[in-house]
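One structure is given here, and the rest of the page talks about it.
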Amino acid sequence: MQRIYDPIEEKKALAVRLIENGYFNDALRIVDDILNVTHSDPEAVYLKSILLNSSGNKGEALIWAKKSVELNPDNTKSLMLKARLLHQFSFYRECMETLDEVFKINSKNTEALDLMADIFLRMGKPDEAYRMAMKSISILPSSWNAHFILSRYFQYQNMEKQSIKELDIAIRFNPESNLLRMEKIRRLMKAKKREEAEKEINRKGFMEIKGTFTEILVEIEFLIENSFYEKAEELCKNAILEWPHEDLLYLSMGEISYNSARRKESISYFRKALSLNQNEWYLSRLTTTLYELKEYKEIAKLYDDRTRIPIECIEPAVDSFIKSSNPEDLIGVIKYNIDHFQNKDILFVMEGVVNNNLGYFVLEIGLLVKNTDSFAYYMDYLRDKIIKHNEPDISVKHNIEGSKFPFSFLERLIKCEFEEVEIEMYLFSPKKEEEVKWGSILFYFARLNQYGKITTNSELQVLELKYGSEYVSDAIVFLKIICGIRE
């Protein structure tokens, strides 16, 4: 039977062959031609995402990956592409949700297990990471990625011998990976084992780095590890002249400047490295250095465009927004990063806003965490340290009393003293927009529970027009939860 010619299918097959052979620009032109004819071809959309990712346009790649999943939600390849891109952007909660969809299709997908393990490790949950990596290895013993994760797990646990052993296994299963070899070389240099590091460089299969950028980078890192900063700086500056777009060289120069007590200078190098490669480690390094130098406004600028905060930088970033008198943007940043905020981070935020006389933001934070795992912890803090005014928390009580927001009103609401709240609210003269907003909602809430809904509908309409119906609705529900009042 003669095969029917399908121009769309032929073009897709050609695009796949071009991708396999590295002709990405040609493949992209063909895929765009397909999409001009049929906008919703699942495979073409998937290929478009792959090609955008390969060209470094990861933001657009993620948009197309999500579209690919929408068109074909049961396609594991599309789901994994979306998950990998979400992981690169540190959207860990959404990435985990996508991986859960993969597991519904195939619970033994080792790539998904490895990615989930990596996320758990980054989120400070090493035991969960270990469990996922071991499950991956039980399915595919030759999974080099799972062994690499185990190596990182053992390093996290300060079990260096087991860590190196797992790293060696990973290298055995993936001998072509310079990434793994470089990791081992770094570990050996850090342990001041120069001879072993040189043996690793000269090992068969890794000879191609001799006389190259990678070998010079290894030498620079060795000099830094052994505090030969002048020699490292000379070598690094010469290397930058030859390879001006290598981000790792600017990171090394940043470390050299930092360790040579030139910390302000190091910031410019860390910024340059970050501009060349939007790497989470570079962002973290820049953040912590700025924080040491008390450059709070500069840190706030780093994240005011909703850049994701690395997990280890949450406290310095949050503190910088508070200290730079930028609490409004703080709420936006927390909202954008809430999926990887932990209990201790929520505690840090609450104490920060209270200690800086921004107590009314505690209620804004409550709205953000209302539907998260941290809400129970938030409620305990609110009741025990703010409302009850226990004697051990006298410093917190002092800061609350100095706050612009009347926590005494909230305390009376919890005690269902709605008439007293209404009377005191008449005497309350808020100065800031946030105080006005919460003062109005608290006042309405007191009247709502004192007189019922019918007589306060007009007040509710005014609130909704002023602050938005969704916000007001969420705030009322939130206050009902705090006060233990049910419809």
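How big is the Rg/Rh ratio for the range 279-382, C-alpha atoms only, Rh by Kirkwood, two decimals? That ratio equals 0.95. Remark on the chain: Rg and Dmax equal 27.8, 89 Å (Cα only). Across q = 0.19, 0.26 Å⁻¹, the range 80-170 modelled as identical point scatterers on its alpha-carbon atoms has Debye log10 I(q)/I(0) values of -0.81, -1.30, in the order of the q list. Per residue, the chain exposes 51 Å² of accessible surface when a 1.4 Å probe is rolled over the protein heavy atoms with every protein chain present. Over the range 407-483, the Kirkwood radius and the radius of gyration, each from Cα atoms, give a ratio Rg/Rh of 0.92.
With all protein chains in place and a 1.4 Å probe, the accessible surface of the chain carries 50 percent carbon and sulfur.
Give me the dipole magnitude in Debye, nearest 20, for the chain about the Cα centre, with unit charges on the beta carbon: positive for Lys and Arg, negative for Asp and Glu. Walk me through the numbers on the way to the answer.
Values: 67 positive and 78 negative charges, 168 e Å.
So the dipole magnitude of the chain works out to roughly 800 debye.
With a threshold of 25 Å on the Cα-Cα distance, the over-threshold entries among Lys66/Lys272; Lys77/Lys301; Lys231/Lys272; Lys165/Lys231; Lys335/Lys415; Lys135/Lys161 are Lys66/Lys272; Lys77/Lys301; Lys165/Lys231; Lys335/Lys415.
Note on the chain: dipole from Cβ charges, positive end direction compared against Leu249, Ala376, Leu14; the farthest Cα belongs to Leu249.
With contacts taken as Cα pairs under 8 Å and at least 6 residues apart, the range 37-140 reaches a relative contact order of 16 percent.
All C-alpha pair distances within the range 1-157, sorted into 5 Å bins from zero, spread as 2, 10, 16, 16, 17, 14, 12, 7, 4, 2, 1, 0, 0 percent across the bins.
The values are calculated or read from the model by the stated rules, or taken from the named source; none is laboratory data. Because the structure is a prediction, the values reported are computed rather than measured. For neighbour counting, all protein chains shown are included, and Cβ atoms are generated from backbone atoms with ideal geometry for every residue, glycine included. Protein only, heavy atoms only, side chains kept; ligands, DNA and RNA dropped before computing areas. Shrake-Rupley method; radii C 1.70, N 1.55, O 1.52, S 1.80 Å.
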